[in-house]
Amino acid sequence: MPSNFHPVILAGGRGTRFWPLSRKKRAKQLLALDGKETMIQQTVTRLLKLSSAKQVWVVTNEDLRPEILRQLRKLRPEQVIAEPVGRNTAPAIGLAAFILQRDDPNAVIGLFPSDHVITVEDRFQKVLQEGIEIAAAGENIVVLGITPTRAETGYGYIEAGSPATGNGRHVRRFTEKPDAERAATFLKDGNFFWNSGMFLWSARTLVNALNEHLPKTAVLLKKIADSYGTKTFAATFRRLYPKCENISVDYGILEPRSAKGEEGSNIFCLPADFSWNDLGSWTALHEHHAAKTSPEDGNLGVLQSIFTLNATGNYVHAPGKFVALVGVNDIVVVETEDALLITTRANSQDVAKVVKYLDDKKLKKLV
(Lines give C-alpha, C1' and ligand atoms only; values in the text may rest on other atoms or scores of the structure.)
Protein backbone atom coordinates (compact mmCIF):
# COMPACT_ATOMS: atom_id res chain seq x y z
CA MET A 1 0.00 0.00 0.00
CA PRO A 2 1.54 3.38 -1.04
CA SER A 3 2.10 5.31 2.18
CA ASN A 4 1.69 8.77 0.59
CA PHE A 5 -1.31 8.19 -1.68
CA HIS A 6 -4.17 10.56 -0.87
CA PRO A 7 -7.46 9.98 -2.73
CA VAL A 8 -9.60 13.11 -3.07
CA ILE A 9 -13.23 12.30 -3.82
CA LEU A 10 -15.37 15.00 -5.38
CA ALA A 11 -18.90 14.65 -4.04
CA GLY A 12 -20.61 18.01 -4.49
CA GLY A 13 -22.81 17.23 -7.49
CA ARG A 14 -26.60 17.20 -7.29
CA GLY A 15 -27.20 14.28 -9.64
CA THR A 16 -30.08 16.11 -11.29
CA ARG A 17 -30.57 13.45 -13.98
CA PHE A 18 -31.54 11.03 -11.18
CA TRP A 19 -34.42 13.19 -9.94
CA PRO A 20 -36.75 12.57 -8.14
CA LEU A 21 -34.63 10.09 -6.15
CA SER A 22 -31.58 12.38 -6.12
CA ARG A 23 -32.13 15.55 -4.07
CA LYS A 24 -30.04 18.43 -2.75
CA LYS A 25 -29.44 16.78 0.62
CA ARG A 26 -29.26 13.21 -0.62
CA ALA A 27 -27.77 13.32 -4.11
CA LYS A 28 -26.95 10.47 -6.47
CA GLN A 29 -23.60 9.67 -4.81
CA LEU A 30 -25.42 9.02 -1.52
CA LEU A 31 -27.85 6.53 -3.05
CA ALA A 32 -27.48 2.76 -3.27
CA LEU A 33 -27.98 2.35 -7.01
CA ASP A 34 -25.80 -0.73 -7.48
CA GLY A 35 -25.91 -2.97 -4.43
CA LYS A 36 -26.23 -2.40 -0.69
CA GLU A 37 -23.52 0.26 -0.39
CA THR A 38 -24.13 3.78 -1.66
CA MET A 39 -22.04 5.05 -4.57
CA ILE A 40 -19.68 7.03 -2.35
CA GLN A 41 -19.31 4.12 0.07
CA GLN A 42 -18.33 1.88 -2.84
CA THR A 43 -15.82 4.49 -4.02
CA VAL A 44 -14.15 4.72 -0.60
CA THR A 45 -14.12 0.93 -0.11
CA ARG A 46 -12.39 0.56 -3.48
CA LEU A 47 -9.74 3.18 -2.69
CA LEU A 48 -8.96 1.91 0.82
CA LYS A 49 -7.22 -1.06 -0.79
CA LEU A 50 -4.44 1.36 -1.79
CA SER A 51 -4.74 3.97 0.93
CA SER A 52 -5.79 4.37 4.55
CA ALA A 53 -8.92 6.02 5.89
CA LYS A 54 -6.94 8.89 7.42
CA GLN A 55 -5.58 9.80 3.96
CA VAL A 56 -8.93 10.00 2.16
CA TRP A 57 -10.42 13.45 1.52
CA VAL A 58 -13.92 14.35 0.36
CA VAL A 59 -14.87 17.71 -1.12
CA THR A 60 -18.61 18.38 -1.10
CA ASN A 61 -21.10 21.09 -0.10
CA GLU A 62 -22.91 22.03 3.10
CA ASP A 63 -26.14 20.31 2.02
CA LEU A 64 -24.49 16.91 1.59
CA ARG A 65 -21.77 16.99 4.25
CA PRO A 66 -23.90 15.71 7.19
CA GLU A 67 -25.08 12.64 5.26
CA ILE A 68 -21.56 11.96 3.92
CA LEU A 69 -20.18 11.99 7.46
CA ARG A 70 -22.95 9.63 8.50
CA GLN A 71 -22.18 7.21 5.68
CA LEU A 72 -18.36 7.42 5.90
CA ARG A 73 -17.80 6.85 9.61
CA LYS A 74 -14.10 5.99 9.18
CA LEU A 75 -13.38 9.57 8.08
CA ARG A 76 -12.81 12.37 10.57
CA PRO A 77 -14.95 15.53 10.14
CA GLU A 78 -11.92 17.56 9.05
CA GLN A 79 -11.42 15.19 6.11
CA VAL A 80 -14.78 16.16 4.62
CA ILE A 81 -14.54 19.72 3.33
CA ALA A 82 -17.70 21.58 2.35
CA GLU A 83 -17.27 24.28 -0.29
CA PRO A 84 -19.13 27.51 0.55
CA VAL A 85 -19.99 27.71 -3.18
CA GLY A 86 -19.36 25.32 -6.06
CA ARG A 87 -16.32 26.25 -8.14
CA ASN A 88 -15.90 23.16 -10.31
CA THR A 89 -13.07 20.62 -10.12
CA ALA A 90 -9.91 22.74 -10.46
CA PRO A 91 -10.32 24.80 -7.24
CA ALA A 92 -11.66 21.73 -5.36
CA ILE A 93 -8.69 19.49 -6.07
CA GLY A 94 -6.34 22.48 -5.97
CA LEU A 95 -7.23 23.27 -2.37
CA ALA A 96 -6.43 19.69 -1.37
CA ALA A 97 -3.07 19.97 -3.15
CA PHE A 98 -2.10 23.16 -1.33
CA ILE A 99 -3.09 21.65 2.04
CA LEU A 100 -1.22 18.37 1.45
CA GLN A 101 1.86 20.10 0.06
CA ARG A 102 2.51 21.72 3.45
CA ASP A 103 3.38 18.37 5.04
CA ASP A 104 4.46 16.28 2.05
CA PRO A 105 5.11 17.87 -1.37
CA ASN A 106 5.68 14.38 -2.78
CA ALA A 107 2.27 13.10 -1.69
CA VAL A 108 0.45 11.58 -4.66
CA ILE A 109 -3.08 12.89 -5.04
CA GLY A 110 -5.79 11.00 -6.87
CA LEU A 111 -8.89 12.80 -8.10
CA PHE A 112 -11.95 10.53 -8.17
CA PRO A 113 -15.64 11.09 -8.86
CA SER A 114 -17.85 9.78 -6.06
CA ASP A 115 -20.54 8.09 -8.14
CA HIS A 116 -18.98 5.80 -10.74
CA VAL A 117 -19.28 2.03 -11.01
CA ILE A 118 -16.17 -0.13 -11.44
CA THR A 119 -16.90 -3.81 -11.77
CA VAL A 120 -13.48 -5.45 -12.19
CA GLU A 121 -11.84 -4.07 -9.06
CA ASP A 122 -8.60 -6.08 -9.12
CA ARG A 123 -7.85 -4.65 -12.57
CA PHE A 124 -8.64 -1.17 -11.27
CA GLN A 125 -6.18 -1.63 -8.37
CA LYS A 126 -3.46 -2.72 -10.79
CA VAL A 127 -3.94 0.25 -13.11
CA LEU A 128 -4.15 2.67 -10.19
CA GLN A 129 -0.94 1.31 -8.66
CA GLU A 130 0.91 1.89 -11.93
CA GLY A 131 -0.54 5.38 -12.20
CA ILE A 132 0.61 6.25 -8.68
CA GLU A 133 4.14 5.16 -9.57
CA ILE A 134 4.19 7.31 -12.73
CA ALA A 135 2.81 10.32 -10.84
CA ALA A 136 5.43 9.93 -8.12
CA ALA A 137 8.31 9.74 -10.62
CA GLY A 138 8.37 13.43 -11.59
CA GLU A 139 6.30 16.40 -12.72
CA ASN A 140 3.83 13.98 -14.29
CA ILE A 141 0.06 14.04 -14.67
CA VAL A 142 -1.73 10.73 -15.20
CA VAL A 143 -5.25 10.30 -16.51
CA LEU A 144 -7.03 6.96 -16.54
CA GLY A 145 -8.45 6.46 -20.02
CA ILE A 146 -11.24 3.96 -20.55
CA THR A 147 -11.04 1.76 -23.64
CA PRO A 148 -14.21 2.68 -25.57
CA THR A 149 -16.71 -0.05 -26.34
CA ARG A 150 -19.05 2.06 -28.49
CA ALA A 151 -19.21 5.39 -30.33
CA GLU A 152 -20.29 7.31 -27.23
CA THR A 153 -21.20 11.00 -27.63
CA GLY A 154 -21.66 11.70 -23.92
CA TYR A 155 -18.00 11.54 -22.86
CA GLY A 156 -14.89 13.59 -23.49
CA TYR A 157 -12.05 11.74 -25.21
CA ILE A 158 -8.28 11.51 -24.81
CA GLU A 159 -6.15 11.06 -27.91
CA ALA A 160 -3.12 8.97 -26.98
CA GLY A 161 0.18 9.33 -28.78
CA SER A 162 3.48 7.48 -28.52
CA PRO A 163 4.21 4.80 -25.90
CA ALA A 164 5.65 5.98 -22.57
CA THR A 165 6.55 4.33 -19.26
CA GLY A 166 5.03 0.88 -18.73
CA ASN A 167 1.53 0.76 -20.14
CA GLY A 168 1.31 4.55 -20.27
CA ARG A 169 1.07 6.61 -23.42
CA HIS A 170 1.81 10.28 -23.99
CA VAL A 171 -1.33 12.37 -24.35
CA ARG A 172 -1.66 14.14 -27.67
CA ARG A 173 -4.80 16.11 -26.86
CA PHE A 174 -8.10 16.18 -24.99
CA THR A 175 -11.30 16.54 -27.02
CA GLU A 176 -14.79 17.55 -25.94
CA LYS A 177 -17.87 15.39 -26.38
CA PRO A 178 -18.03 14.57 -30.11
CA ASP A 179 -20.99 14.20 -32.42
CA ALA A 180 -21.94 10.70 -33.56
CA GLU A 181 -19.80 10.82 -36.72
CA ARG A 182 -16.64 11.87 -34.88
CA ALA A 183 -17.30 9.36 -32.08
CA ALA A 184 -17.45 6.58 -34.68
CA THR A 185 -14.15 7.79 -36.14
CA PHE A 186 -12.55 7.82 -32.68
CA LEU A 187 -13.71 4.26 -32.03
CA LYS A 188 -12.33 3.01 -35.34
CA ASP A 189 -9.02 4.87 -34.89
CA GLY A 190 -8.06 2.92 -31.76
CA ASN A 191 -5.99 5.73 -30.21
CA PHE A 192 -8.86 7.46 -28.42
CA PHE A 193 -10.02 6.72 -24.88
CA TRP A 194 -12.92 7.95 -22.78
CA ASN A 195 -11.89 10.52 -20.19
CA SER A 196 -12.81 8.85 -16.90
CA GLY A 197 -12.34 11.99 -14.80
CA MET A 198 -9.77 10.13 -12.68
CA PHE A 199 -6.37 11.84 -12.42
CA LEU A 200 -3.13 11.35 -10.48
CA TRP A 201 -0.30 13.78 -9.70
CA SER A 202 1.95 14.77 -6.82
CA ALA A 203 0.91 17.68 -4.63
CA ARG A 204 3.93 19.61 -5.90
CA THR A 205 3.04 18.95 -9.55
CA LEU A 206 -0.53 20.12 -9.12
CA VAL A 207 0.46 23.23 -7.15
CA ASN A 208 3.01 24.14 -9.83
CA ALA A 209 0.41 23.61 -12.56
CA LEU A 210 -2.09 25.85 -10.73
CA ASN A 211 0.54 28.54 -10.27
CA GLU A 212 1.30 28.40 -13.99
CA HIS A 213 -2.16 28.08 -15.53
CA LEU A 214 -4.53 29.56 -12.91
CA PRO A 215 -2.30 32.00 -11.00
CA LYS A 216 -5.08 34.16 -9.52
CA THR A 217 -6.93 31.14 -8.17
CA ALA A 218 -3.66 29.62 -6.92
CA VAL A 219 -2.97 32.66 -4.72
CA LEU A 220 -6.43 32.38 -3.15
CA LEU A 221 -6.13 28.62 -2.59
CA LYS A 222 -2.76 29.02 -0.90
CA LYS A 223 -4.19 31.57 1.55
CA ILE A 224 -7.10 29.26 2.35
CA ALA A 225 -4.77 26.26 2.77
CA ASP A 226 -2.45 28.25 5.07
CA SER A 227 -5.40 28.76 7.42
CA TYR A 228 -6.43 25.08 7.42
CA GLY A 229 -6.34 23.66 10.94
CA THR A 230 -6.73 27.08 12.55
CA LYS A 231 -9.73 28.94 13.98
CA THR A 232 -9.74 31.27 10.99
CA PHE A 233 -10.13 28.53 8.35
CA ALA A 234 -13.94 28.61 8.04
CA ALA A 235 -14.08 32.40 7.70
CA THR A 236 -11.13 32.49 5.27
CA PHE A 237 -12.67 29.72 3.20
CA ARG A 238 -16.04 31.51 2.98
CA ARG A 239 -14.40 34.83 2.11
CA LEU A 240 -11.86 33.76 -0.51
CA TYR A 241 -13.16 30.60 -2.18
CA PRO A 242 -16.02 32.34 -4.05
CA LYS A 243 -13.34 34.50 -5.74
CA CYS A 244 -11.73 31.42 -7.33
CA GLU A 245 -12.34 30.80 -11.01
CA ASN A 246 -15.25 28.48 -11.75
CA ILE A 247 -13.34 26.09 -13.98
CA SER A 248 -12.71 22.37 -14.42
CA VAL A 249 -9.38 20.59 -14.23
CA ASP A 250 -9.76 19.75 -17.92
CA TYR A 251 -10.15 23.36 -19.07
CA GLY A 252 -7.99 25.01 -16.44
CA ILE A 253 -4.96 22.71 -16.35
CA LEU A 254 -5.00 19.79 -18.77
CA GLU A 255 -5.82 21.61 -21.99
CA PRO A 256 -3.22 24.40 -21.58
CA ARG A 257 -0.70 21.85 -20.34
CA SER A 258 -1.30 19.57 -23.34
CA ALA A 259 -0.62 22.54 -25.64
CA LYS A 260 3.06 22.07 -24.75
CA GLY A 261 3.08 19.08 -27.05
CA GLU A 262 3.01 15.35 -26.70
CA GLU A 263 6.55 15.07 -25.34
CA GLY A 264 6.65 18.33 -23.39
CA SER A 265 3.43 18.22 -21.39
CA ASN A 266 4.27 15.23 -19.16
CA ILE A 267 0.65 14.11 -19.33
CA PHE A 268 0.22 10.36 -19.56
CA CYS A 269 -2.83 8.25 -20.34
CA LEU A 270 -3.11 4.84 -18.75
CA PRO A 271 -5.53 2.82 -20.91
CA ALA A 272 -7.85 0.81 -18.71
CA ASP A 273 -10.59 -1.73 -19.04
CA PHE A 274 -12.15 -2.40 -15.66
CA SER A 275 -15.84 -2.27 -16.66
CA TRP A 276 -16.39 1.39 -15.85
CA ASN A 277 -19.73 3.19 -15.96
CA ASP A 278 -20.44 6.74 -14.82
CA LEU A 279 -24.17 5.93 -14.40
CA GLY A 280 -25.07 9.26 -15.92
CA SER A 281 -28.84 8.74 -16.19
CA TRP A 282 -31.74 6.39 -15.50
CA THR A 283 -31.07 4.86 -18.91
CA ALA A 284 -27.44 4.18 -18.01
CA LEU A 285 -28.60 2.54 -14.77
CA HIS A 286 -31.02 0.33 -16.71
CA GLU A 287 -28.28 -0.66 -19.17
CA HIS A 288 -25.84 -1.42 -16.35
CA HIS A 289 -28.26 -3.72 -14.54
CA ALA A 290 -29.41 -5.33 -17.80
CA ALA A 291 -25.79 -6.19 -18.64
CA LYS A 292 -25.42 -7.86 -15.22
CA THR A 293 -28.69 -9.77 -15.07
CA SER A 294 -29.75 -10.19 -18.74
CA PRO A 295 -33.52 -10.18 -18.10
CA GLU A 296 -35.45 -11.87 -20.90
CA ASP A 297 -37.81 -8.95 -21.53
CA GLY A 298 -35.45 -6.17 -20.38
CA ASN A 299 -37.79 -5.02 -17.62
CA LEU A 300 -35.94 -3.94 -14.46
CA GLY A 301 -36.36 -1.83 -11.39
CA VAL A 302 -36.90 -1.63 -7.66
CA LEU A 303 -40.34 -2.97 -6.74
CA GLN A 304 -42.22 -5.64 -4.80
CA SER A 305 -43.45 -7.74 -7.74
CA ILE A 306 -44.31 -7.28 -11.39
CA PHE A 307 -46.75 -8.36 -14.11
CA THR A 308 -45.88 -7.71 -17.74
CA LEU A 309 -47.80 -8.11 -20.98
CA ASN A 310 -46.30 -7.01 -24.29
CA ALA A 311 -43.86 -4.79 -22.37
CA THR A 312 -40.10 -4.67 -22.85
CA GLY A 313 -37.07 -2.62 -21.84
CA ASN A 314 -38.72 -0.67 -19.02
CA TYR A 315 -37.25 0.60 -15.73
CA VAL A 316 -39.57 1.13 -12.75
CA HIS A 317 -38.55 2.39 -9.30
CA ALA A 318 -41.52 1.86 -6.99
CA PRO A 319 -40.27 0.17 -3.82
CA GLY A 320 -42.83 -2.04 -2.09
CA LYS A 321 -45.33 -1.77 -4.95
CA PHE A 322 -46.87 -4.34 -7.27
CA VAL A 323 -46.29 -3.00 -10.79
CA ALA A 324 -48.19 -3.97 -13.95
CA LEU A 325 -46.65 -3.07 -17.30
CA VAL A 326 -49.04 -3.54 -20.22
CA GLY A 327 -48.17 -2.61 -23.78
CA VAL A 328 -45.37 -0.17 -22.91
CA ASN A 329 -41.77 -0.25 -24.05
CA ASP A 330 -38.57 1.54 -23.05
CA ILE A 331 -40.10 3.82 -20.42
CA VAL A 332 -38.74 4.96 -17.07
CA VAL A 333 -41.03 5.40 -14.07
CA VAL A 334 -39.66 6.62 -10.74
CA GLU A 335 -41.94 7.13 -7.76
CA THR A 336 -41.03 8.83 -4.50
CA GLU A 337 -43.22 10.03 -1.62
CA ASP A 338 -43.74 13.46 -3.16
CA ALA A 339 -43.01 13.11 -6.88
CA LEU A 340 -43.52 10.89 -9.90
CA LEU A 341 -41.29 10.82 -12.99
CA ILE A 342 -42.46 9.26 -16.25
CA THR A 343 -40.14 9.47 -19.25
CA THR A 344 -38.61 7.31 -21.94
CA ARG A 345 -35.16 5.80 -21.85
CA ALA A 346 -34.33 7.86 -24.95
CA ASN A 347 -35.19 11.11 -23.14
CA SER A 348 -33.89 10.40 -19.64
CA GLN A 349 -30.95 12.79 -20.10
CA ASP A 350 -33.51 15.62 -20.09
CA VAL A 351 -34.65 14.90 -16.53
CA ALA A 352 -32.18 17.56 -15.37
CA LYS A 353 -34.46 20.13 -17.04
CA VAL A 354 -37.17 19.20 -14.54
CA VAL A 355 -34.85 20.22 -11.71
CA LYS A 356 -34.07 23.51 -13.46
CA TYR A 357 -37.81 24.18 -13.74
CA LEU A 358 -38.31 23.42 -10.04
CA ASP A 359 -35.36 25.67 -9.14
CA ASP A 360 -36.76 28.51 -11.28
CA LYS A 361 -40.19 28.13 -9.64
CA LYS A 362 -38.52 28.00 -6.20
CA LEU A 363 -40.22 24.70 -5.38
CA LYS A 364 -37.52 23.88 -2.85
CA LYS A 365 -39.27 20.91 -1.26
CA LEU A 366 -39.05 19.03 -4.56
CA VAL A 367 -35.34 19.52 -5.17
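The values are calculated or read from the model by the stated rules, or taken from the named source; none is laboratory data. Please read these numbers as outputs of a predicted model, since none were measured by experiment. We place every Cβ from the backbone using ideal geometry, glycine too, and count neighbours over all the protein chains shown. Quick note on the areas: whole protein, heavy atoms, side chains included, nothing else; ligands and nucleic acids left out. Shrake-Rupley method; radii C 1.70, N 1.55, O 1.52, S 1.80 Å.
Annotations
- Only residues that are touching a residue at least 24 places away in the same chain (Cβ under 8 Å), in a loop (DSSP other than H, G, I, E, B) and surrounded by fewer than 16 Cβ atoms within 10 Å (Cβ to Cβ) were counted in segment 352-367, giving 0.
Condition check ((1) closer than 23 Å to T119 by Cβ; (2) assigned to a strand (DSSP E or B); (3) hydrophobic (A, V, I, L, M, F, W, C)) across all residues:
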position: H286; (1), (2), (3): yes, no, no
position: K292; (1), (2), (3): yes, no, no
position: S305; (1), (2), (3): no, yes, no
position: P319; (1), (2), (3): no, yes, no
position: D338; (1), (2), (3): no, no, no
position: D350; (1), (2), (3): no, no, no
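- Residue match in segment 116-132 (condition: of a type in the set (G, A, S) and open to solvent by 20 Å² or more (accessible area, probe 1.4 Å)): no
- Filtering segment 87-108 to residues that are in a helix (DSSP H, G or I), open to solvent by less than 10 Å² (accessible area, probe 1.4 Å) and β-branched (V, I, T) leaves I93, I99.
- Test: residue in segment 48-56 that is farther than 24 Å from T230 by Cα, open to solvent by less than 20 Å² (accessible area, probe 1.4 Å), outside any helix (DSSP H, G or I) and in contact with a Pro (Cβ under 7 Å, 6 or more places away or on another chain): yes
- Residue within segment 52-66 that is at pLDDT 95 or above, among the acidic types (D, E) and touching a helix residue (DSSP H, G or I) at 6+ places or on another chain (Cβ under 9 Å) present: no
The rows are residues; the columns are (1) among the charged types (D, E, K, R); (2) within 15 Å of V249 (Cα to Cα); (3) at pLDDT below 95.
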{"residue": "T175", "(1), (2), (3)": "no, yes, yes"}
{"residue": "N208", "(1), (2), (3)": "no, yes, no"}
{"residue": "K223", "(1), (2), (3)": "yes, no, no"}
{"residue": "D226", "(1), (2), (3)": "yes, no, no"}
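- Residues being surrounded by fewer than 19 Cβ atoms within 10 Å (Cβ to Cβ) and part of a loop (DSSP other than H, G, I, E, B) - total across segment 14-33: 4
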